[in-house]
1. Considering only the other residues whose Cβ falls under 14 Å of the Cβ of Tyr82, what net charge follows from Lys and Arg at +1 and Asp and Glu at -1?
2. Give the residues of region 192-225 whose amide nitrogen is closer than 20 Å to a point set 7 Å from the Cα of Ser424 in the direction of its Cβ.
3. So what is the calculated 222 nm ellipticity per residue for the chain, using -39500 (n - 2.57) for each DSSP H run with n of 4 or more, over all residues, to the nearest 500 deg cm²/dmol?
4. Per residue and in cubic angstrom, what volume does the convex hull of the Cα atoms of region 128-173 have?
5. Place a point 7 Å from the Cα of Met160 along the Cα-to-Cβ direction; which residues of region 73-110 have their backbone N under 17 Å from it?
6. Ranked highest first by the average count of other Cβ atoms within 10 Å around their residues, in what order do 458-466, 170-178, 505-513, 212-220 fall?
7. How long is region 99-213 along each principal axis, judged by its Cα atoms, biggest number first, in Å?
8. Using r as the Cβ-Cβ distance of Leu336 and Asp129, and R0 as 45 Å, what FRET efficiency do you calculate, to the nearest 0.05?
Amino acid sequence: MQRVRRLLPYDYDRPTGSVANMSVTPPPSKTNDTATLKLRRVAIDTYRENVAYLHRECELYRAEGFQALSKITVSANGTRIYAVLNIVDDVNIVQPDELGLSLQAFAQMNLAPGGLVRAAHAEPAPSMDAVRRKIGGERLSAQDFHDIARDIVSHRYSKMEMAAFLVASGQTGLDREEILDLTRAMTQSGKQLSWDETVVVDKHCIGGIPGNRTSMIVVPIVAAHGMLMPKTSSRAITSPAGTADTMEVLANVNLSPETMHDVARTQRAFLAWGGTAHLAPADDILISVERPLGIDYHGQLAASILSKKLAAGSTHLLIDIPVGPTAKVRHMNEALQLRKLFEFAGDRLGLHLEVIITDGSQPVGRGIGPVLEARDAMQVLHNDPVAPNDLRQKSLRLAGRLLEFDPDVRGGYGYAIARDILDSGRALEKMQAIIAAQGQQQTHFKLGTLSFEITAAGSGVVTAIDNFQLAKIARMAGAPMDKGAGVDVLKKLGEPINRGETLYRVYAEFPADYQFALKLAQQNNGYTLGVESEVTKSYMEF
């Protein structure tokens with residue numbers, strides 16, 4: 001067998017002779033140029049994930065043995081962040097002496113391009129041990145959830161690790177105490193607003209129904225009555241529009257906590273995106289993983305909603321659970337279980353909480369998409385005769401229940417008070433004042449320039465409307481990224497229709513989106529026609 005000589009470190013090209021008589025030259029120490037890299041801003045939106053970019057020919061990459069998708073720390077001037085590493089071969093992205101950071105990560109460094117940063121291997125998140133225990137079916141403690149939320153907000157988790165936590169929590173289940181602990185941990189993961197008032201009201205719909213833009217009507221009604229309603233809302237991830245996306249058609253929604261306080265103090269309400277306020281940020285990051293996977297377990301759903309409302313300083317909360325064949329909640333038994341869970345958690349967390357079950361059998365209003373939904377809401381506020389009546393009635397019922405949180409309003413009188421505020425024009429005046437205080441939108445968003453109509457293939461009565469399919473068509477058309485994209489619904493449940501009549505109209509801004517939406521609508525238009533006795537059953541419990 002051939003003997004293989006084992007080389008000592010750095011003895012390449014070693015002269016013959018004994019080791020004892022040999023002088024070994026140590027490797028050169030890293031220079032400052034090798035240990036540090038110039039920071040580069042890489043204009044890529046990585047959506048709630050810090051991503052770093054390193055060139056394959058970088059000396060530090062070779063010296064440290066970095067690998068693609070590994071976690072690293074990036075530090076400079078006392079600031080340190082965690083990021084997922086991507087290795088690139090294109091000098092147009094980063095040069096060998098540079099470290100690139102995605103938009104979100106770059107903003108956290110508070111350093112100008114070209115500034116010197118250091119990169120190093122990141123130690124695994126300590127709380128991953130708790131995640132592994134949850135995967136094994138164990139129950140987690142309050143400290144475990146606190147540690148997990150802390151590490152998630154610090155970007156120490158990859159999306160794969162967060163997915164493992166979410167799936168484990170859903171599959172092995174969260175008991176009631178775990179849901180409370182997760183809620184508190186996510187609430188404490190960011191800033192918390194305080195209003196120093198005994199009654200601070202809010203409402204939340206668990207989603208799954210296109211349109212349904214009731215908040216833009218409820219908030220000005222409640223504020224016009226004089227109650228405080230600081231409404232932080234989400235942007236859409238997989239839906240055609242969130243309240244923040246729709247309100248942004250009319251006003252600035254990227255408000256700082258200071259501006260939120262100023263607007264709330266002067267107008268008694270605002271409608272803003274919660275992301276800029278850093279409220280329960282662990283929840284926002286988890287949602288960015290949860291939504292694409294299509295998972296929405298009840299325990300996580302409850303913790304997500306309640307943590308946001310607690311962080312926003314709410315004391316009184318109304319939860320809307322729509323039920324329907326193509327809604328997020330499809331059976332009354334499931335809705336009742338959710339209601340019990342919310343009521344239990346609200347009681348333990350010190351929230352005065354009420355849950356209502358509403359009709360989720362079809363879209364609420366006519367518009368699906370930011371511009372169209374903003375149109376519907378403003379038509380209701382203007383008391384326009386063509387305003388969608390289902391949106392008006394649901395908004396009045398919700399506002400009435402919130403007004404009854406006022407100790408001076410007798411039970412059962414809220415609806416009448418809400419209707420008077422809307423009919424008198426006071427709600428419209430309040431909405432206009434809120435828009436002015438937040439900053440009126442300077443961009444005039446219009447409906448997409450490309451459109452097509454979907455017509456009925458036969459005659460009969462509309463017996464079913466697929467919420468999920470219409471929402472998907474609206475997204476394919478470009479909503480909510482293109483605010484003028486979406487679906488304008490012209491026929492609702494129970495309405496008669498003749499062959500060739502228009503069911504809905506689709507708007508898009510770009511030809512590719514137009515074609516995607518058209519193809520999807522032609523495959524399945526989301527409508528079922530039949531006879532009146534077959535109309536989908538409605539669920540409503542106000």
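The numbers here are math on the coordinates, done by the rules we state, and not lab data. Predicted, not measured: the structure shown is a model, and the values here were computed from it. Here the Cβ is made from the backbone with ideal geometry for all residues, glycine too, and neighbour counts use every protein chain on show.
1. Net charge around Tyr82: +3.
2. Counting only backbone N, you get 217-225.
3. It comes out at -11500 deg cm²/dmol, rounded to the nearest 500.
4. 59
5. In region 73-110, the label zone of Met160 (backbone N under 17 Å from the point 7 Å along Cα→Cβ) covers 83-87.
6. Packing proxy ranking, top to bottom: 212-220, 505-513, 458-466, 170-178.
7. That works out to 48, 40, 35 Å along the principal axes.
8. Step by step, r from the Cβ atoms, then E = 0.75.
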